[in-house]
Amino acid sequence: MHTRISLLLTVMLGFAAATLTAQPPYRNYDELTRQLQTLQKKYDNIMTLNSIGLSAEGRKIWAVTLSKGNDKDKPAIAIIANIEASRLAGSVMATHLISGLCEKYNTQDDMKKLFTDQIIYIIPRLNVDGAESYFNKIKEEKITNNTAIDNDHDGLLDEDGADDLNSDKLITMMRCKEAGGEWMIDPEHPELLKKADILKGETGIYALYPEGIDDDNDGLYNEDGKGGVNLNNNFPHAYPYHQKNAGVYMTSEPETRAMLDFFMAHKNITLMLTYSKYDNLRHIPTPASKKPKKGYNRSLVKKMDKDDLEYHKILADLFTKGLPSEYKKCSNPAVKPQGALHSWAYYQYGILGLSTNAWTRPQPVDSSDTKGSKRKADDESTWLEWFKHSDINGHIKWTPFKHPQLGDVEIGGFVPFTKITPPSLGSDLIDSHVEFALQLAKKLPHVKISGAKAINKSNGIYDIELTVQNTGFLPTLLEHAQYTDAVMPTRAKIEKGNFTLLAGKVITFIDPLKHSEAQTLHWTIQAKKTNKITISVWSEKAGTAQQTLTLN
Amino acid sequence: MLNKKLLITILAVLTIRAGLLAQAPPSVKLSYNRFYNYDEVTGLLKSLIKQYPAFLSLQSIGKSTQGRDMWVVTMNNTKTGEEAHKAAMYIDANIHGNEVQGAEAVIYTIDYLMTNYNRIPSVTELVDQRVFYFVPMANPDGRAHFFDKTGMCGYARSGMQPTDNDKDGLADEDGNDDLDGDGLILQMRKKVTYGTHKISAHDSRLMIRTSPGESGNYIMLGSEGIDNDHDGRLNEDGPGGYDMNRNWATDWQPNYLQRGAGNYPFSHPETRAIAKFILAHPNIAGVQAYHNAGGMILRGPGDNSQDAYPREDIMVYDHIAKRGEAMLPFYSYMILWRDLYPVHGGFIDWTAEGLGIFSFSNELWSTSQYHNKARDGGRRDRSSDAYQIKQKKRLRFDDDVEMGAQYVEWKPFDHPDYGEIELGGWVHETGRVPPLFMLEELCHRNAVFTLYHAAQMPLIKLETIKIEKLDHDLYKIWTAIINERAIPTIGQLAGKNHLISPDIVELKGGRIEVISAGLVKDEWNNQVTPIEHRPERIVLDKGIKGNGRQIIQWIVKGSGTPTIYWQSQMGGVITTKVQLKQ
């Protein structure tokens, strides 16, 4: 009997848990705001919530600061999510990071030191306007904000968007039999289409359009819907001029500028991570083959420095090692970043710019499926298998429809958002991300004064010796940051006092210091016994240190 | 017939002259043999708009870093049409705070157009057909600083956002100092035993670097000042320290590639305000940005990493600039990256390559103008006799024509760090700004060049050249869209990169239905390319070429008097009616 009850309980609890996770975790802007405010109240001993600017439609862009104490110069990590409108999984992961980190702070003793020495900034949703589209009655996947753009260059703005013709509240695709159509039914997967390979003598029979009518009668379907600019194409490194979704010019969007201004106002940010469509933690970038030429005329750097990449690889390794096994490989192919925030962070701001998909399709779906591993990462049939496996309605069967302009068509295909917004992220995955954020925080550089002395040389003449050391893991300046002057040099300053400087400078620049590296500075002064000498060390990325010596 | 025409012209001229005499003299009196500081320019802009309220309006488009208004004067004759419906010329100056005379040239242009409206027919035509936007001071703080008592020093080029140039954690803590209180920042030299410089044998006022094998008796200490922050370096962190003409969104590159670029495009309040204004006025079809100096008519690209301009665009640039070379003695037409130096994120790169506007930047004043003789080329070896003789000539101009005003004789001074030194040398900005008596000519010649540029902006005329009855209520209409000027409504580059909205020509109204439409490719051989979609609203994404013509064919069914609407971002908005006779 007892066994039966406990079994029943387990089943019930299991069921309850399943219902909870089945509840889609995605929140619209107002819900997200309330969630953040609730978290802030709950964890006000470590968390502050600020707006870093307004979106084009006037929404506040929220930034969370997790820090103990008031030191604003200490090294920081910034984590930015939901830059692309549809990537709401990132914002969910970001809010889990906030609660997960705060909870750890309240329950684990070693966290006190971590958040005293470091700051973690989290911007859970940068594209606050665009992300609202997920919550529209009719679901249409989009990555941009809502800035009106003349996508089809006809002098009209946003005049031909998609239409839910079959009233299933989803914008899917239309296929239409057309002479010269590029698409044919995939013989292996009849529910899917594939491009006809004309070299193999295959003949396409279908033309493919997004679901809708040609509102502006220009022969094109849904080519100029609402919006917009993909913020992750709008940053000023490798900006894709004149390309779709990139905006009229680099940094054209208020959200882009708010992000840049935040970084500029918080130069203590030493490391950053974005949750985006780019994944350079599982697709490791190729480094430059040689160092760029130094001198007055420097050249544009387009690839990572080899030495910097070593650090990147170590962090990437930490990440993948911690991930649940089904996520270790990225199911999405590598995408070349253009105007992306994380590339800007490395190439122009001078720190490591990490980026990962907050969620990817777990793989392999079935370990016995050997065929699956041979397929291309973005193979549509693998998605179908996963949808089936996970009981997700991810693909709509092609169904005939009488189109007012095209005549007989069939509507069907992939359901919007299902490839990027899973029903649940899973606690294993979330835990690994929280752990990774903590691991990153432990890798930041720190300048410390590891030795200081005043040697009495003769009557009132002192040699001051100060040793500055990087006790953190990352270097105080990356190679690329040195090449570009993107980061200020570390400096030591003898504060004003009752002494005369005989040799040495008031401000001395300190070389870039790698992990455990140290540099010793020397000054000669003339001063009276018992006078005090204070030396301050300031590093843009590795915090500050100060030491006062009493002469004797 | 001819005589009659002539008579009418003479009578018309006489009437205008008579009208002129009766007209009250202008109440705003401007002088072009002096410079106006920021506050004075503000005052005289306000008086100008008061005097010409029918044409001028004044608007502040934002505040500078230090809170000064960014002024834009709009010139539009509302009687001849809405502002947004005409092609506009945008003229600015002084984005480099020390490059002052451009502001005077802008003010001169406003003054000249207004004073000569209804006096000179081509001025009247320009004012009636075009819109002008004038920004005399793109960098208000820089200009204000330049005319400060302490401002005659290097960093007036920059805006006034405090910047840490020497990376010591402090901003703007060690600028120049007017040590002797004479209102000038001069050069400092010190007599020593083992020096690097000596006094020229050609003229005692010239300092020459010693050649190998000889020892000098002076060292040069740079411009006037002290080591305010005691870091061993002099004047290394003065006001500002960035370049607002490198802060624009085309080919913008970070500071390691482009000194002074700023944090990102439009990161300064001044550049942001101007960019917002220009984006809000898509009818701007011509841009001129005045700088100094060197005597140049510059166009992009700013860097050879950018594609060369397309052939048809170059032909238009060449046409305008070559007319300019004839108007501006000693000025040369140059391509920025090729003939001057590479510029990333420059203003006219953005307007030309980012917005598709035909844009020039003139470098006002050439030192050849001192003697009205082309300067001799060649490299500047400062220790050579040739260089010293050339400098001596400059001094002679100053001695004779300016009565010595531009040069201050070396005089002793007791410097807190260096002890006994001497202060003297050229007055700051000599060679970059013209002698005052030559300023008005500089303003006029640059103004007329820019007005020629403005006159070449697209000007569209619609002419229905044929209405053919095909059946009882079926008509074939041929309407010619004619661009009477050199600049196309959509340049080749702008068309390629979709920088500007396409031209739209619509036929509607009356009781008609548009059956089909086509572009007439060859009117003599009846070659017509059909328009596949929306025949009533034709999209011309290549625009109308300079001095070009495009005939549209419509087949319509119905009757009445439909209207043709022409709508072009840079080629104006006009309408005309078509009469369909039964």
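The values are calculated or read from the model by the stated rules, or taken from the named source; none is laboratory data. Because the structure is a prediction, the values reported are computed rather than measured. Methodologically, a virtual Cβ is constructed for each residue, glycine included, from the backbone with ideal geometry; neighbour enumeration extends over all protein chains shown.
What to note about this one:
- Unique match (being buried (at least 21 other Cβ atoms within 10 Å of the Cβ) and either outside any strand (DSSP E or B) or without any contact (Cβ under 8 Å) to a residue 40 or more places away in the chain (or both)) among A:Thr500, A:Thr476: A:Thr476
- Of all residues in segment B:501-522, those being touching a Lys or Arg at 6+ places or on another chain (Cβ under 9 Å) and among the charged types (D, E, K, R) number 4.
- When segment B:316-351 is filtered for residues that are under 23 Å from B:Ala455 (Cα atoms), assigned to a helix (DSSP H, G or I), of a type outside the set (Ser, Thr, Tyr) and touching a residue at least 40 places away in the same chain (Cβ under 8 Å), the ones remaining, listed by number, are B:Val316, B:His319, B:Ile320, B:Arg323, B:Gly324, B:Met327, B:Phe347, B:Ile348, B:Asp349, B:Trp350.
- Checked against (1) surrounded by 17 or more Cβ atoms within 10 Å (Cβ to Cβ); (2) assigned to a helix (DSSP H, G or I); (3) hydroxyl-bearing (Ser, Thr, Tyr), B:Ser122 meets all criteria but (1).
- Note on segment B:224-250: among residues that are among the acidic types (Asp, Glu) and at the interface with chain A (Cβ under 9 Å from one of its Cβ atoms), the one that is nearest to B:Asp141 (Cα to Cα) is B:Asp229.
- Filtered by the rule that a residue be at the interface with chain A (Cβ under 10 Å from one of its Cβ atoms), surrounded by fewer than 16 Cβ atoms within 10 Å (Cβ to Cβ) and acidic (Asp, Glu), segment B:491-540 gives a lone residue, B:Glu532.
- Only residues that are surrounded by fewer than 23 Cβ atoms within 10 Å (Cβ to Cβ) and in a helix (DSSP H, G or I) were counted in segment A:328-346, giving 0.
- Selection over segment B:344-381 of residues that are under 27 Å from A:Leu300 (Cα atoms), among the aliphatic types (A, V, I, L, M) and within 14 Å of another protein chain (Cβ to nearest Cβ) gives a count of 2.
- Taking segment B:476-502 as the range and being part of a helix (DSSP H, G or I) and not aliphatic (A, V, I, L, M) as the test, the residues that pass are B:Gln492, B:Gly495, B:Lys496.
- Test for B:His444: is it assigned to a helix (DSSP H, G or I), within 30 Å of B:Asp313 (Cβ to Cβ), in contact with a strand residue (DSSP E or B) (Cβ under 6 Å, 6 or more places away or on another chain) and not aromatic (Phe, Trp, Tyr): no
- Qualifying residue in segment B:270-289 (condition: over 23 Å from the mean Cα position of the chain (by Cα) and polar (S, T, N, Q)): no
- Exclusive hit being hydrophobic (A, V, I, L, M, F, W, C) and at pLDDT below 95, set B:Ala289, B:Ala374, B:Ala308, B:Ala285: B:Ala374
- Residues in segment B:541-562 that are small (Gly, Ala, Ser) and over 23 Å from B:Gln492 (Cβ atoms) were compared, and the one that is nearest to the other protein chains (Cβ to nearest Cβ) is B:Gly558.
Quick grid of which residues meet (1) at pLDDT 95 or above; (2) of a type in the set (Val, Ile, Thr); (3) within 29 Å of B:Gly183 (Cβ to Cβ); (4) surrounded by fewer than 17 Cβ atoms within 10 Å (Cβ to Cβ):
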| residue | (1), (2), (3), (4) |
| --- | --- |
| B:Glu409 | no, no, yes, yes |
| B:Pro412 | yes, no, yes, yes |
| B:Asp417 | no, no, yes, yes |
| B:Glu429 | no, no, yes, no |
| B:Pro435 | no, no, yes, no |
| B:Cys443 | yes, no, yes, no |
| B:Leu451 | yes, no, no, no |
| B:Glu463 | yes, no, no, yes |
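- Qualifying residue in segment A:424-446 (condition: out of contact with any strand residue (DSSP E or B) (no Cβ under 7 Å at 6 or more places or on another chain), in a loop (DSSP other than H, G, I, E, B), surrounded by 15 or more Cβ atoms within 10 Å (Cβ to Cβ) and within 14 Å of chain B (Cβ to nearest Cβ)): no
- Boolean, A:Val487 is within 12 Å of chain B (Cβ to nearest Cβ), in a loop (DSSP other than H, G, I, E, B), out of contact with any Cys (no Cβ under 8 Å at 6 or more places or on another chain) and at negative phi: yes
- Just one of the listed residues (A:Ile351, A:Ile314) is buried (at least 21 other Cβ atoms within 10 Å of the Cβ), aliphatic (A, V, I, L, M) and within 21 Å of A:Leu477 (Cβ to Cβ), and it is A:Ile351.
- Per-region count, segment A:458-473, residues surrounded by fewer than 19 Cβ atoms within 10 Å (Cβ to Cβ), touching a strand residue (DSSP E or B) at 6+ places or on another chain (Cβ under 7 Å) and not acidic (Asp, Glu): 4
- One residue from B:Glu409, B:Glu441, B:Glu402 being among the acidic types (Asp, Glu) and more than 15 Å from B:Trp365 (Cβ to Cβ): B:Glu409
- Pairs are defined by a Cβ separation below 8 Å, a sequence spacing of at least 6 or placement on different chains, a first member in segment B:247-269 that is at positive phi, and a second member that is modelled with pLDDT under 95 and not aliphatic (A, V, I, L, M); the pairs so defined are B:Asp251/B:Ser305; B:Asp251/B:Gln306; B:Gly260/B:Ser158; B:Gly260/B:Gly241.
- Test: B:Thr109 is within 20 Å of B:Asn446 (Cα to Cα), over 21 Å from the mean Cα position of the chain (by Cα), outside the structural domain of B:Tyr565 (by TED's automatic domain parsing) and in a helix (DSSP H, G or I): no
- Subset of segment A:262-309 (residues that are within 14 Å of chain B (Cβ to nearest Cβ), out of contact with any Lys or Arg (no Cβ under 9 Å at 6 or more places or on another chain) and either more than 22 Å from B:Arg259 (Cβ to Cβ) or of a type in the set (Gly, Ala, Ser) (or both)): A:Phe262, A:Ala265, A:Gly295
- Residues of segment B:447-475 satisfying the condition of being part of a loop (DSSP other than H, G, I, E, B) and closer than 24 Å to B:Ile515 by Cα: B:His472, B:Asp473
- The residues in segment B:382-426 that are of a type in the set (Val, Ile, Thr) and either in contact with a Ser or Thr (Cβ under 7 Å, 6 or more places away or on another chain) or part of a helix (DSSP H, G or I) (or both) can be counted, and the count is 1.
- Of all residues in segment A:199-241 being within 12 Å of chain B (Cβ to nearest Cβ) and polar (S, T, N, Q), the one that is surrounded by the fewest Cβ atoms within 10 Å (Cβ to Cβ): A:Asn217
- Of residues in segment B:253-279 being facing chain A (nearest Cβ under 10 Å) and aromatic (Phe, Trp, Tyr), the one surrounded by the most Cβ atoms within 10 Å (Cβ to Cβ): B:Phe266
- Scanning segment B:175-190 for residues that are out of contact with any Cys (no Cβ under 6 Å at 6 or more places or on another chain) and either assigned to a loop (DSSP other than H, G, I, E, B) or more than 20 Å from B:Arg382 (Cα to Cα) (or both) turns up B:Gly175, B:Asp177, B:Asp178, B:Leu179, B:Asp180, B:Gly181, B:Asp182, B:Gly183, B:Leu184, B:Leu186.
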